[in-house]
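The values are calculated or read from the model by the stated rules, or taken from the named source; none is laboratory data. In this text, all values refer to a predicted model and were calculated from it rather than measured experimentally. Here the Cβ is made from the backbone with ideal geometry for all residues, glycine too, and neighbour counts use every protein chain on show. Only protein heavy atoms, including side chains, enter the accessible area calculation; ligands, DNA and RNA are left aside. Shrake-Rupley method; radii C 1.70, N 1.55, O 1.52, S 1.80 Å.
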Amino acid sequence: MSGLQAGKADNEKSKNEELLIEKDEAERQKEYMRLVSEIISGRAGETGRPLRACVITFGCQMNERDSEKLKGIIMECGYELTDTEEADLVLFNTCTVRENANLRLYGRLGHVGSAKSKNPDMIVGICGCMTQEPDVVKKLEKSYGFVDLIFGTFNVYKLAELLYARLTSGSRIIDIWEESKEFVELLPSKRKYSFKSGVNIMYGCDNFCTYCIVPYVRGREKSRNPEEIITEIKTLADNGVVEVMLLGQNVNSYGKGLKEPVSFAGLLKRIEEIEGIERIRFMTSHPMDLSDELIDVLALSQKICDHIHLPLQSGSNSILKKMNRRYTREDYLLLVEKLKKAKPGISITTDIIVGFPGETEADFNDTVDMVKQCGFDSAFTFIYSKRTGTPAASMDGIPDEDTIKNRFDRLLAVVKESGTDRSHELQGKTLPVLVEGVNDHDETLLTGRLTNNMLVHFPGSAELIGTIVDVEITESKGFYFFGFMTKKD
Ligand code: 5AD
Ligand code: SF4
């Protein structure tokens, strides 16, 4: 056997071994689900009612997806899901990207603490990004004695095992890992929608933007094997899913470090071929890694949606440098130009931080100028929040509160103007809409999503949920639309 062939065979072998380990671990976890469900059904028998569980999710789409996995496990364990915190199991899946997210958790925990004093059998769990911070765990241990279960971002799949340990020992269980050991994806998950699904293609981030805590709490970037991703999406398609959202902190660098490296563009091409999948979305893109190859794939694809979320963070070159973003405003403008040329009408949305250390009025004006030049459809705007342990936490020159507030309001106004201009361009057009549900406020209306990710409300009946229909956009309301269904040819 030649060296190359031997290398290939070794790769195959270790791939199979990885899969075996994953299968073994998934089986182990399923056994724990069975054991927990025995205990839970016993308790339901004693109390004369089913036991209920509530999962409260903070933060981004990665956390939303993790919560679907947590809910899948919880249901397999015999709990019924509920939306209220008056439950037998309350699990908080936390976010720590900004200080506000942490404060919100502590607020909610206060309520749950008093609910638990009425129902001492209640189990309170906390997982997600906050628990990857040692200081947070210390605080929870010291001041929130009623919290029973603390685990992190790398061992979400172990929930049944941890619940079993809690239920059988009666003591508090803390299990936090510093990095991911294995991917265990072959477990149940309870999706919010039957017709669309998030799919994790990678975990973690290696970029170390100086303000961001994500690389510390979600670990180093690790891509999933493409074969596993394709198999997962084919199974989803067989089960009626028409839209997938590929998830990662930095999807454009997908594939780095894999035994046989694949680019994100290459992965997209393979997903495009999967029968039954009609829409492909992805999130989040880093401008630095947005390759020409990827832009070409976007241009040729029939299924990739007309939307890209491309965080700008700041329009000032000196702030971008301090943020370690590794692109300039000129680079970003060039990308926007290429994207618009490749996919005319594409919706570009972004994230912007106001009040980064050292941001001057001129820096801020550069950001405003970029919003005007790029013509964003919308933007998430954030006030800089100091995260302990990140390089920016030791940078001086955070503008004073009034200045930040003033800049934030001015930024919102330009973002709103840009979004309104963009949305008016769609008035009168007939566009495909994936119907997501009956309108929350008026049950004669359906609510669906355009490929640019904006919502449209239009008359129709519930059996259309999960299908793609053509809708004429009659009225733009800035961030959503009204319309009427038109007949398909
Ligand atoms: N302060 C404010 N905003 C932040 N983000 C990340 N870290 C911080 C921080 N420390 C924003 C970025 C990122 C989005 C998910 O959250 O804009 O793109
Ligand atoms: Fe944070 Fe930057 Fe990674 Fe995004 S790319 S998760 S902002 S470090």
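Is it the case that ILE280 is out of contact with any Cys (no Cβ under 6 Å at 6 or more places or on another chain), away from ligand 2 (no atom under 16 Å from the Cβ) and either assigned to a helix (DSSP H, G or I) or on the phi > 0 side of the Ramachandran plot (or both)?
So ILE280 does not fit the description; no.
When only residues in region 334-382 that are within 16 Å of ligand 1 (Cβ to nearest atom), of a type in the set (Ser, Thr, Tyr) and open to solvent by 20 Å² or more (accessible area, probe 1.4 Å) count, which is modelled with the highest pLDDT?
The qualifying residue modelled with the highest pLDDT is THR381.
Do you know which of the residues in region 41-67 that are part of a helix (DSSP H, G or I) and touching a residue at least 40 places away in the same chain (Cβ under 8 Å) is farthest from ligand 2 (Cβ to nearest atom)?
That would be ARG43.
Kindly list, by first and then second residue, each pair from a residue in region 169-187 that is polar (S, T, N, Q) to a residue that is part of a loop (DSSP other than H, G, I, E, B), limited to pairs with Cβ atoms under 8 Å and residues at least 6 apart or on different chains.
SER180/PHE154; SER180/GLY204; SER180/GLY219
Condition first: of a type in the set (Val, Ile, Thr), farther than 30 Å from GLN302 by Cβ and within 26 Å of the chain's Cα centre (by Cα). Now tell me which residues in region 415-454 satisfy that.
VAL415, the sole residue that qualifies.
Of all the residues that make up region 321-375, how many are within 16 Å of ligand 2 (Cβ to nearest atom), farther than 17 Å from ALA413 by Cα and not polar (S, T, N, Q)?
11
Within region 142-249, considering only helices (runs of 4 or more DSSP H) that don't extend past its boundaries, which have at least 1 residues that are within 16 Å of ligand 1 (Cβ to nearest atom) and more than 21 Å from GLU278 (Cβ to Cβ)?
214-218
Taking the conditions exactly as written (surrounded by fewer than 18 Cβ atoms within 10 Å (Cβ to Cβ), within 16 Å of ligand 2 (Cβ to nearest atom) and either modelled with pLDDT under 95 or at negative phi (or both)), does ASP206 satisfy them or not?
Yes, satisfied.
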